[in-house]
Amino acid sequence: MRREIDGWYSPSLGSYMDIVTYGHWGFPLLLFPTAAADFLEYERFLMLDALEHQINAGKVKVFSINSINKEAWLNRHQHPYWMGVRQAQYNSYLENEVIPYIWNSCGGRVGVITSGASLGAFHAMNQVLRRPDLFAGTIAMSGCYDIREYFHGEGYGDENIFFNNIVEYLPGLNGGFLHMLRHKEHIHIVTGQGDYENPNASRHLSWLLHTKGIPHELDIWGYDMPHDWPTWRSMLPYYVESRF
């Protein structure tokens, strides 16, 4: 499997950001870490081994990046205002730096599919809903889609919080971006029902998407599927193989 580590100083984030690419051809799949982990998390937890056949066959080209979760949503000492600011900067990094990098790597403006598990699923879904002009779809696994679950500022709100909290902004989504989302073929919401899973979060997101006329797939796996890597190593290769 071809593997290349790269990176650059991000003007959006004011810090150096790593990125790793696996494979040589195929549709681009952008992975977001689960929580406070780094760009090599999926490799350490053997997800790339699980995807090796599809990668070597040229079906998918995988990109994995760092998150800002430990500086934002998982930083209990940070005020929600600054969490939202950091998320907005991360959005800029994705839109203005990561997407052009992927396009350059793939030789054109190809549709980027996002994916992630747990908090990574929030990021994967959020980017598609916010910028359907840049992201083609998502495979969101075991996610919670209300960002307020990750901080204690229940009564606090501002523009950066609102427009990054899926359950808040999705009901009011309209215009051209809503039209684009109504033509997406690859919005996949998948969750288990085992230990530490929260399938109701996925059901609620599915209901919100349904009320907006956005086509999607909700797939709830069994009680033998906990909130853990063996579950996600089963889910992601299955979706890459069967839906693309």
Item to check | Residue, surrounded by the most Cβ atoms within 10 Å (Cβ to Cβ), within the stretch 43-77, restricted to residues that are in a loop (DSSP other than H, G, I, E, B) and free of Cβ contacts under 8 Å to residues at least 60 places away in the same chain | outcome: ASN66
Item to check | Subset of the stretch 126-138 (residues that are in contact with a Leu (Cβ under 7 Å, 6 or more places away or on another chain) and either closer than 11 Å to ILE166 by Cβ or buried (at least 24 other Cβ atoms within 10 Å of the Cβ) (or both)) | outcome: GLN127, LEU129
Checklist outcome for this item: Of (1) within 16 Å of the chain's Cα centre (by Cα); (2) over 19 Å from GLN127 (Cβ atoms), ASP49 satisfies every one except (1)
Next on the checklist: Can you go through VAL240, VAL190 and tell me which one is surrounded by 15 or more Cβ atoms within 10 Å (Cβ to Cβ) and not in a helix (DSSP H, G or I)?
Outcome noted: VAL190
Item to check | Residue within the stretch 159-180 that is in a loop (DSSP other than H, G, I, E, B) and over 18 Å from the mean Cα position of the chain (by Cα) present | outcome: yes
Checklist outcome for this item: Within the stretch 204-227, the residues that are surrounded by 14 or more Cβ atoms within 10 Å (Cβ to Cβ) and either assigned to a helix (DSSP H, G or I) or touching a Leu at 6+ places or on another chain (Cβ under 9 Å) (or both) are HIS204, LEU205, SER206, LEU208, LEU209, LYS212, ILE214, HIS216, LEU218
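Yes/no matrix, rows are residues, columns are (1) touching an Asp or Glu at 6+ places or on another chain (Cβ under 7 Å); (2) over 20 Å from LEU74 (Cβ atoms); (3) free of Cβ contacts under 8 Å to residues at least 40 places away in the same chain:
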{"site": "GLY107", "(1), (2), (3)": "no, yes, yes"}
{"site": "VAL112", "(1), (2), (3)": "no, yes, no"}
{"site": "SER118", "(1), (2), (3)": "no, no, no"}
{"site": "MET125", "(1), (2), (3)": "no, no, no"}
{"site": "LEU129", "(1), (2), (3)": "no, yes, no"}
{"site": "THR138", "(1), (2), (3)": "no, yes, no"}
{"site": "MET141", "(1), (2), (3)": "no, no, no"}
{"site": "TYR145", "(1), (2), (3)": "no, no, no"}
Item to check | Residue in the stretch 191-210 that is of a type in the set (D, E, K, R) and either touching a Phe, Trp or Tyr at 6+ places or on another chain (Cβ under 8 Å) or closer than 21 Å to GLU52 by Cα (or both) present | outcome: no
Item to check | the stretch 112-153: number of residues that are in a helix (DSSP H, G or I) and either within 12 Å of the chain's Cα centre (by Cα) or at pLDDT 95 or above (or both) | outcome: 12
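The values are calculated or read from the model by the stated rules, or taken from the named source; none is laboratory data. Nothing here was measured: the structure is a model prediction, and the numbers come from that model. So basically every Cβ, Gly included, is an ideal-geometry build from the backbone, and we count neighbours across all protein chains shown.
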